[in-house]
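Enquirer: The structure is given below, and queries will be raised subsequently.
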Amino acid sequence: MGTTVGTAAVDLDKMKVSGEKDKVPNGNNRADENSEDEDEEAGAPEVGAAKKKKKKKKPKKKNKPAASAQSNPPRVPLDQLFPNGNFPVGEECDYRDENLKRKTDEEKRHLDRMNNDFLTDYRKGAEVHRQVRQWAQGWIKPGMSLTEITEGIENSVRALTGHDGLTEGDSLLAGMGFPTGVSINNCAAHYTPNAGNKISYLLSLKAGIALKQEDVMKVDFGVHMNGRIVDSAFTMTFDPVYDNLLAAVKDATNTGIREAGIDVRMSDIGAAIQETMESYEVEIGGTTYQVKPIRNLNGHNINQFQIHGGKSVPIVKGGDQTKMEEGETFAIETFGSTGKGYVRDDLEVSHYARRTDAPNISLRLTSAKNILNVINKNFGTLPFCRRYLDRLGQDKYLLGLNNLVTSGIVEAYPPLCDIKGSYTAQYEHTILLRPTVKEVISRGVDY
């Protein structure tokens, strides 16, 4: 999410019923305590010689085998695919220079082992993200409405995390880390459809809210487990004319990931990203464009339940001497454009988040009080959108929501757009600066 300068269960065999009596270790016959005594045989010298009838044991039911593959669309909870709780590890990268020794340092290795719960949450969320996005990349087609696309992704995330978010507080346990962004063409970030966009295809095209063959769509969504947010994005096109634009941004993002690490200055990362991206050109409609980094969009650190943690990772050179530190989590994202390389607020606001530093003030509007209560109980400081309020049954909340924005309690994140007629692309990964290695937690076979 952009910020501006800002697996199989073992089947049990059926128990065989023996016609013979079981033997105990001392060699005596063992009678079933629940069996009924038969009549004693005539002339039997001892009572102990009486035969007892043994009840047949009911065969045990076979356990249902655990799912071994994801469904289409994704609906199998990840815990069924990984019943042992061991989720795939991301791409581990050694630190550079003097920090290379961290990999074998026993103290750092001990610190790394202590982060088991933290890593499990992140790796689970990352695997959810990979499975959902790899399905989405084959499912999304021109002609689909943006609402259909976003809800398809979000319903899949909720199914795989096992939290549908419809009961109070459920969304705070796991689910969407922030709303699915589906920003088109010159719109670079923070667009998701609001309510009322479920209209016909032709009207959707006219309104610009349906995906077209010639579009460049950034798909940016987050998955969280216990507030640990995996933030990753990719760009989809259906025309090879845009291939170089996507290649430039993907290369730039990988450059940023390569340069990032403990004690690395933000300015050094930004300079390396800019140099990589500006080395690409793309020809569209007979015009050649140098791919420009969008200078007022940045990567950012991520805190628990807080998508923008306060530190920014620039994508152009500058003077920021802030360093990355051990234990931090960062979203490394880059945006490239054929336009001016600068975005401004545009279109209708859809993304919101309660501020972590929200003032404690008295609200006069009842609608504002009511919607704040819903936000606190269902999202906390996680970003949300109007569609999320709609699915919770809320209505007539816009006045109250806007009041929370003007009161400084909730932050509104409008769509960010370059000049009309331009095209923008985005790629993003979440990295963990572990004590021993850097882990690109969201890395997949796709990007």
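The values are calculated or read from the model by the stated rules, or taken from the named source; none is laboratory data. Everything numeric in this text was worked out from a predicted model, so none of it was measured. With ideal geometry, Cβ positions are generated from the backbone for all residues, glycine too; neighbour counts draw on all protein chains shown. Ligands, DNA and RNA are stripped out before the accessible areas are found, and what is left, the full protein with its side chains, is counted by its heavy atoms. Shrake-Rupley method; radii C 1.70, N 1.55, O 1.52, S 1.80 Å.
Enquirer: For the subset of the stretch 147-195 comprising residues that are in a loop (DSSP other than H, G, I, E, B) and acidic (D, E), which member is most open to solvent (accessible area, probe 1.4 Å)?
Expert: Within the stretch 147-195, the match that is most open to solvent (accessible area, probe 1.4 Å) is E168.
Enquirer: Might you check whether a residue that is touching a Ser or Thr at 6+ places or on another chain (Cβ under 9 Å), open to solvent by 50 Å² or more (accessible area, probe 1.4 Å) and more than 23 Å from E92 (Cα to Cα) occurs anywhere in the stretch 270-285?
Expert: Yes, the stretch 270-285 contains a residue that is touching a Ser or Thr at 6+ places or on another chain (Cβ under 9 Å), open to solvent by 50 Å² or more (accessible area, probe 1.4 Å) and more than 23 Å from E92 (Cα to Cα).
Enquirer: Looking at S407 and the list (1) in the same structural domain as I262 (by the TED database); (2) of a type in the set (S, T, Y); (3) open to solvent by 20 Å² or more (accessible area, probe 1.4 Å), which single condition is not satisfied?
Expert: (1)
Enquirer: Which of the residues that make up the stretch 421-447 are part of a loop (DSSP other than H, G, I, E, B), of a type in the set (S, T, Y) and touching a Lys or Arg at 6+ places or on another chain (Cβ under 9 Å)?
Expert: Within the stretch 421-447, S422, T436, S442, Y447 qualify.
Enquirer: So which residues in the stretch 216-264 are over 25 Å from T436 (Cα atoms), among the hydroxyl-bearing types (S, T, Y) and under 12 Å from the mean Cα position of the chain (by Cα)?
Expert: Passing the criteria: none in range.
Enquirer: Filter the stretch 299-318 down to the residues that are open to solvent by 10 Å² or more (accessible area, probe 1.4 Å) and more than 16 Å from the chain's Cα centre (by Cα) and list them by number.
Expert: G309, G310, K311, S312, P314, V316, K317, G318
Enquirer: Applying the selection to the stretch 350-402, what residues are of a type in the set (V, I, T) and buried (at least 16 other Cβ atoms within 10 Å of the Cβ)?
Expert: Matches in the stretch 350-402: I371, V374, I375, T381.
Enquirer: Might you check whether a residue that is in contact with a Ser or Thr (Cβ under 9 Å, 6 or more places away or on another chain), outside the structural domain of V132 (by the TED database) and at pLDDT below 95 occurs anywhere in the stretch 360-374?
Expert: Yes, the conditions are met somewhere in the stretch 360-374.
Enquirer: Please determine, by comparing only the residues of the stretch 226-259 that are of a type in the set (D, E, K, R) and outside any strand (DSSP E or B), which one is most open to solvent (accessible area, probe 1.4 Å).
Expert: It comes out as R258.
Enquirer: Out of the stretch 319-330, which residues are of a type in the set (S, T, Y) and open to solvent by 40 Å² or more (accessible area, probe 1.4 Å)?
Expert: Scanning the stretch 319-330 gives a single hit, T322.
Enquirer: Still on this model: Return the residues of the stretch 131-144 that are surrounded by 22 or more Cβ atoms within 10 Å (Cβ to Cβ) and touching a Leu at 6+ places or on another chain (Cβ under 8 Å); say none if nothing qualifies.
Expert: V132
Enquirer: For the stretch 331-349, enumerate the residues that are over 30 Å from Y280 (Cβ atoms) and open to solvent by 60 Å² or more (accessible area, probe 1.4 Å).
Expert: E348
Enquirer: Does I262 qualify as being crowded, with 23+ Cβ neighbours inside 10 Å, of a type in the set (A, V, I, L, M, F, W, C) and either modelled with pLDDT of 95 or more or part of a loop (DSSP other than H, G, I, E, B) (or both)?
Expert: Here the answer is no, as I262 does not meet what is asked.
Enquirer: Can you pull out the residues in the stretch 419-435 that are of a type outside the set (A, V, I, L, M, F, W, C) and open to solvent by 10 Å² or more (accessible area, probe 1.4 Å)?
Expert: K420, G421, Y423, Y427, R434, listed by residue number.
Enquirer: Here is a follow-up. If you go through the stretch 332-372, how many residues are charged (D, E, K, R), more than 22 Å from the chain's Cα centre (by Cα) and closer than 30 Å to Y423 by Cβ?
Expert: Total meeting the criteria: 5.
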